[in-house]
Amino acid sequence: MIKVVRGFYAVAYAVKLCKPDVICAYPITPQTEIVENLAEMYANGELERCSYITAESEFEAASILVGASATGARTFTATCSQGLILMAEVLLNAAGMRLPILIVNTNRALSAPLSIWNDLQDSLLLRDAGIIQMYVENNQEVHELIPQAYKIAEKVMFPFMICMDGFKLTHAYEPIDLLDQEFVDSFLPEYDPPIKLTTKNPLTFGSYAPPHCYMEFRYRMHNDMLKAKKVMEDVFKEWAEIRRDWGGLVEYKEGKTVLISMGSLVEIVKDVAEELNLGYLKIRAFRPFPYDEIRRILGDCENVIIFDRAISVGYEGVITIDVKNALYGCSPDVYSFIVGLGGRDVPKDLIVRCVEKVLDRKVKPGYYFEGLKEFEEVIY
Amino acid sequence: MRISLGAVSRPLESLKFKTGDWATRIPNVDEDKCIGCGECSMYCPEGCIELVRIDIKKVARVDYDYCKGCGICNYVCPAEAISIVEKVIK
């Protein structure tokens, strides 16, 4: 059934079809309407056997879900930006406790200065947390990714964060081919964790690990995250057979010059690549990182151009750091353009201008801020 | 070594950890001086001093598996029966 809906609804409707047991969230722009939609469905009695709990902060919302998930409940929350980093302490615990909580993060810039607009700084800050991170290009993709995310997370037992661009996707009306209940029911099995907390079986999750065993826990976690790649690929393949092919950990077109991006920016980057007859690479899964795919696809090309919407202050673009690391020992020149921070518009001609600079050899390999205005530094 | 998913453990597994190995100094109870009042047992933050009956009197006994050597028992003992000594690791 195709309906014109906003990104919020595309998320909320897919979550509803997955029959979560506990939903808990705290409002934050540009996420709020996702949980508002779910609250409305809950109030209308459309969410059977689900508890919708209002929290007094993101920290509390995540904490409630840790408890709920440990009892074997399917859980959902949505947040972004300051809310996500307030949740961070709890989410790292959830990762270590191996609780498959689904988080939809509507990417928004971080303070200060205060900004509610879109870039990828917030979720990329949590790249080392042990949380699976996937970035979506449009609302159809996020809608279809939610059942897949539950299936993957509940198999590999890691929290799963779906990152969608705030405003650019969340507030956009698009015709969405909505999934139906029967389809999701046949695709997504009931969540039945190998270990769960009950009153008859008291357990400690994430217990104290002194130096003689902490390292082994982290090593197991890292290995399990690497193994999750195979599970993800399998689920994506299964989805491709029954519904639509969204690619694997990455989606790409080969070329001598390859443009790389994540999130909704990929749509423009693909257009530019098409027009200029270049390759493109859309990084869908950022953690676990598609190291082998990137080496295979980019290893022999001439130029790699990365459009980064997050910067590691004092170094360079965050995606660039990881891509360059994957390319260690390979030959391509890597050019990184930091664009669109704090919701700065990234029009198509900006992308074209960046690509032309590289193709005309006007810039050397390195990183550049594009779309900056002239400014004067003053005290106040 | 068993590394569980999510560092999950069952109740009482932590008893394996003899946390008293932190201690570098430990209390020594002089049982002749001890009047069995239980003050040290009440104040012990680790709950690892108990009164035991020896013949007709009660005396304080320290569980060195969990004693961290904080010295509070020495400080509160009204009979000055508890001294703090260097721990000898055998």
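What follows is calculated from the coordinates using simple rules that are stated; it is not laboratory data. This is a predicted model, so every value here is computed, not measured. Every residue, glycine as well, gets a Cβ built from its backbone with ideal geometry; the counts of neighbours run over all protein chains shown.
Secondary structure note: in the protein assembly as shown, about 40% of the DSSP beta bridges are antiparallel. Sequence-distant or interchain residues sharing an amide H contact under 5 Å with A:I260, placed H: which? Residues meeting the amide H criterion: A:L281, A:I305, A:I306, A:F307. Spacing of the modelled spin labels on B:D55 and A:N44, each 7 Å from Cα toward Cβ, amounts to 8.5 nm.
A Förster radius of 51 Å, combined with the Cβ-Cβ distance separating A:K256 from B:S14, puts the computed FRET efficiency at roughly 0.30. Think of it this way: in chain B, B:C34, B:C37, B:C44, B:C48, B:C67, B:C70, B:C77 stand alone, with no other Cys Cβ under 4.7 Å. Other protein chain C-beta atoms within 10 Å of residue C-beta, averaged over B:6-16: 6.
When you restrict to C-alpha pairs under 8 Å that are six or more residues apart and normalise by the size of segment A:133-292, the relative contact order lands at 31 percent. Ranking of A:R6, B:R61 by neighbouring Cβ atoms within 10 Å, starting from the fewest: B:R61, A:R6. Exposure proxy for B:K33, A:K168: other Cβ atoms within 10 Å of each Cβ, ordered fewest to most, give B:K33, A:K168. Mean separation of Cα pairs under 8 Å and 6 or more residues apart, divided by the residue count, gives chain A a relative contact order of 16 percent.
A simple rule links phi to the HN-Hα coupling: the Karplus curve 6.51 cos²θ - 1.76 cosθ + 1.60 with θ = phi - 60°, which for segment A:264-273 gives 5, 4, 4, 4, 5, 4, 5, 4, 5, 4 Hz, with x for Gly and Pro.
Placing a pseudo-label 7 Å from each Cα along the Cα-to-Cβ vector at A:Q181 and A:R353 gives an inter-label distance of 5.2 nm. Calculated mean residue ellipticity, 222 nm, chain A: -12500 deg cm²/dmol, from DSSP H runs (n ≥ 4) at -39500 (n - 2.57) each, averaged per residue and rounded to 500. Can you give me the Cα centroid spacing of segment A:351-380 and segment A:82-145 in angstrom? Here the two parts' Cα centres lie 28 Å apart. With Cα atoms defining each centre, segment A:265-325 and segment A:1-78 are spaced 32 Å apart in the structure. Of all lysines in the structure, those lying under 21 Å Cα to Cα from B:K33, and not within fewer than 8 positions of it along the same chain, are B:K57, B:K58. Per-residue Cβ neighbour counts within 10 Å put A:S186, A:S123 in the sequence A:S186, A:S123, beginning with the fewest. The largest-to-smallest principal axis extents of the Cα set in the protein assembly as shown are 98, 55, 49 Å. Assign one of three labels to segment A:2-242, namely rounded, prolate or oblate, based on the Cα gyration tensor with a ≥ b ≥ c the square roots of its eigenvalues; rounded applies when a/c is under 1.5, prolate when it is not and a/b is larger than b/c, and oblate otherwise. Cα axes put segment A:2-242 in the rounded bin. In sequence order, segment A:293-300 has phi-based couplings of 4, 5, 5, 5, 7, 9, x, 9 Hz under the Karplus curve 6.51 cos²θ - 1.76 cosθ + 1.60, θ = phi - 60°, and Gly or Pro positions carry x. Between A:S312 and A:K230, the distance separating the two model label sites (each 7 Å from Cα on the Cα→Cβ line) works out to 2.9 nm. Normalised by the number of residues in chain B, the mean separation of alpha-carbon contacts (under 8 Å, six or more apart) gives a relative contact order of 37 percent.
Relative to the current alpha-carbon distance between A:K237 and A:D192, full extension at 0.36 nm per residue lengthens the span by 13.9 nm. For peptide A:204-210, the mean count of partner chain Cβ atoms within 10 Å of a residue's Cβ comes to 5.
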